Amino acid sequence: MQIQTAKYWQNITKKDLTFIHKTILEAHPGVIDKQNPKFKEWLENGYIQAQRLIPQVKNQEEELAVLRFYTVGFQDGHVSIDPSTEQKKTAYWPGWLIEMQGNTSNASFIVKNVQINWPSPVPPNGSQILSCDGQSVKYHIEHDIAPFVDTRLTLESSWKKLANQVMIQSNDFPTLNQHSMQNCIVQLPDQSQKTFALLWQAADKGTLDQLLKPPKSIGLSNLGGGRYWINASNFLPNAEENLQFEKLLTDLTHLDSAKLVVFDVRGNTGGNSTFGGRMLSALLGNSGRLKDLSESAWWRVSKQAISSRDNVLSMMEKNYGKTSSLYIYTQHLQARLKHAEQRHIEWLKDGELEPDPTEDKKEGSDFQGQIILLTDSKCASACLDFADSVMSIPNAIQMGQETSADSIYNDIGWFRTPSGLYLMIPLKVFRERPRGNNQPYTPKYRFNGDISDTAAVQQWVLRSIQPINKN
């Protein structure tokens, strides 16, 4: 067994970095996108900068940090590098997390998810962090964390994500020369100040997953009075969840006389935009309110795009079956990509989904009531595509938090690096999309409390729309 010295990890980093650069060069649509000449600037300049960091690498975590420095620099959530399940290691934390409240110009960092019976004193929930190790939380985020996690610091969603990482040390989100904070000065709820020494311990994976990745749900709740709440946090359902989704579609077709429908996409980080489109068709298919967006999408033809569809086909077959429209579309797309590659064609226009011959044809309702889109900062990718469609509907209103954002490049493929890490890159580009590059949706009505508190959020939504309905 080879001794894993600093030199060993530096060689691994060099090989993986070379693979990432080569794969992006050969398969990413930005490389040949004449409308985005700046893409190649970071492709090459970032590559050089990342190479200069390699001498600092001493272990697997720092290797991933250097690779992340490169992929994060593209400022695209669809470009990432992640450890495999077997490569992930134990995370450490001090028994509490941080949440950013407010916006990017007026942010405060608040203690949350405090664990009871922690071996050392911990600040109470709701306390405000004033500084840690002599620096503000904002400073730690900007200088220590953001360069390796997310550099889109104009986005509120990025700050919220980065704040979650301040009190977690994990090879999921490593940084170069990572060190544990020792002390934090906290303003307590009674406005007094106190210094807390941080005791870092191994985190139970289930605990952190529960705190940072709430379970996704699909379904409809009748709130009475013609008001309906649609849980739509999952746009990539498995086989069992897809049955719930099909039931939801049937329920939506029966809401002709409803007064209010709230699409709750909190926790929806993306998936397949087809699911969002089918929900809207079920609700509005006969209403005359659906707009056909003028955007188009184009695949960059490459060997990587073709090979990546193999995994997608396997997943589609397992979850939806070979007769599903998603499977048929992917199979047809792969054949078209192969044909285009043989003819040395660079771009292939995306096609329409073929109908599923076994699928129950659901005729959409004639819903004419109020539509609310409830979002949080996690809404990205296919969730944003859904927001594009919802917000094109006359009088639709967004409530909650500002969404995340994505680039004009989409539809991902996964590729293994020489060391076994997973590289994710987008393979197609949008044209004439109504939403700009890395442009979020900002709510008309902003929720300033705990966005994960469903009871409080529901009460706030119903209370807030009363004046709307009177106008």
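Within region 1-22, residues that are in contact (Cβ under 8 Å) with a residue 12 or more places away in the chain and over 12 Å from Val57 (Cβ atoms) reach no partner that is basic (Lys, Arg) and in a helix (DSSP H, G or I) with beta carbons closer than 9 Å at six or more positions or on different chains. Consider region 361-376 and keep the residues that are at pLDDT 95 or above and touching a helix residue (DSSP H, G or I) at 6+ places or on another chain (Cβ under 8 Å). The one that is farthest from Ser452 (Cα to Cα) is Gln370.
Looking across region 207-259, just one residue is under 30 Å from Val114 (Cβ atoms), hydroxyl-bearing (Ser, Thr, Tyr) and touching an Asp or Glu at 6+ places or on another chain (Cβ under 8 Å), and that is Ser233. Could you grab me the full set of residues in region 170-219 that are under 20 Å from the mean Cα position of the chain (by Cα), buried (at least 17 other Cβ atoms within 10 Å of the Cβ) and closer than 22 Å to Ser127 by Cα? Residues satisfying the conditions are Leu208, Leu211.
Quick check on Gly219: is it assigned to a strand (DSSP E or B), within 21 Å of Thr454 (Cβ to Cβ) and among the small types (Gly, Ala, Ser)? Outline the logic, then answer.
Working: assigned to a strand (DSSP E or B): yes; within 21 Å of Thr454 (Cβ to Cβ): yes; among the small types (Gly, Ala, Ser): yes.
Yes: the conditions hold for Gly219.
If the requirement is being part of a helix (DSSP H, G or I) and touching a Ser or Thr at 6+ places or on another chain (Cβ under 7 Å), which of these qualifies: Glu63, Glu86, Glu41? I'd like the intermediate steps shown before the answer.
Values: Glu86 fails: touching a Ser or Thr at 6+ places or on another chain (Cβ under 7 Å); Glu41 fails: touching a Ser or Thr at 6+ places or on another chain (Cβ under 7 Å).
Unique residue meeting the criteria: Glu63.
Results for (1) closer than 27 Å to Gly400 by Cα; (2) in contact with a helix residue (DSSP H, G or I) (Cβ under 9 Å, 6 or more places away or on another chain), shown as yes or no for each residue.
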{"residue": "Asn117", "(1), (2)": "no, no"}
{"residue": "Ser120", "(1), (2)": "no, no"}
{"residue": "Gln128", "(1), (2)": "yes, no"}
{"residue": "Gly134", "(1), (2)": "no, no"}
{"residue": "Asp150", "(1), (2)": "yes, yes"}
{"residue": "Leu153", "(1), (2)": "yes, yes"}
{"residue": "Leu162", "(1), (2)": "yes, yes"}
{"residue": "Met167", "(1), (2)": "yes, no"}
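Across region 193-216, the qualifying residues are those that are assigned to a strand (DSSP E or B) and in contact with a Phe, Trp or Tyr (Cβ under 7 Å, 6 or more places away or on another chain), and the one among them that is farthest from Asp251 (Cα to Cα) is Gln201.
Taken over region 141-165, the residue count meeting the criterion of being over 20 Å from Asn438 (Cβ atoms) and at pLDDT 95 or above is 0.
Of everything in region 54-93 that is under 18 Å from Pro418 (Cβ atoms) and aliphatic (A, V, I, L, M), the residue that is nearest to the chain's Cα centre (by Cα) is Ile81.
Residues Pro124, Pro119, Pro147: which one is closer than 22 Å to Gly449 by Cβ and surrounded by fewer than 20 Cβ atoms within 10 Å (Cβ to Cβ)?
Pro124
Selection of first residues in region 433-462 that are under 30 Å from Gln35 (Cβ atoms) and free of Cβ contacts under 8 Å to residues at least 40 places away in the same chain and of second residues that are among the small types (Gly, Ala, Ser) and part of a loop (DSSP other than H, G, I, E, B), restricted to Cβ pairs under 6 Å at least 6 apart or on distinct chains, gives the following pairs, ordered by first then second residue: Asn437/Ser407; Gln439/Ala405.
In the condition set (1) surrounded by fewer than 17 Cβ atoms within 10 Å (Cβ to Cβ); (2) under 17 Å from Val66 (Cβ atoms), Leu153 is compliant with all but (2). Give the residue that is surrounded by the most Cβ atoms within 10 Å (Cβ to Cβ), with candidates limited to residues of region 45-58 that are out of contact with any Leu (no Cβ under 8 Å at 6 or more places or on another chain) and farther than 13 Å from Asn11 by Cβ. Result: Gly46.
Scanning region 286-308 for residues that are assigned to a strand (DSSP E or B) and touching a helix residue (DSSP H, G or I) at 6+ places or on another chain (Cβ under 9 Å), which turns out farthest from Glu432 (Cα to Cα)? Talk me through it step by step, then tell me what you get.
Quick first cut of region 286-308, residues assigned to a strand (DSSP E or B) only: 296-300.
Retained after the next criterion (residues that are touching a helix residue (DSSP H, G or I) at 6+ places or on another chain (Cβ under 9 Å)): 298-300.
Details: Trp298: 11, Trp299: 15, Arg300: 17 Å.
Filtering region 286-308 for residues that are assigned to a strand (DSSP E or B) and touching a helix residue (DSSP H, G or I) at 6+ places or on another chain (Cβ under 9 Å), the one farthest from Glu432 (Cα to Cα) comes out as Arg300.
The values are calculated or read from the model by the stated rules, or taken from the named source; none is laboratory data. These numbers come from a predicted model, not from an experiment. Glycine also receives a Cβ, built like all others from the backbone with ideal geometry; neighbour counts cover every protein chain displayed.
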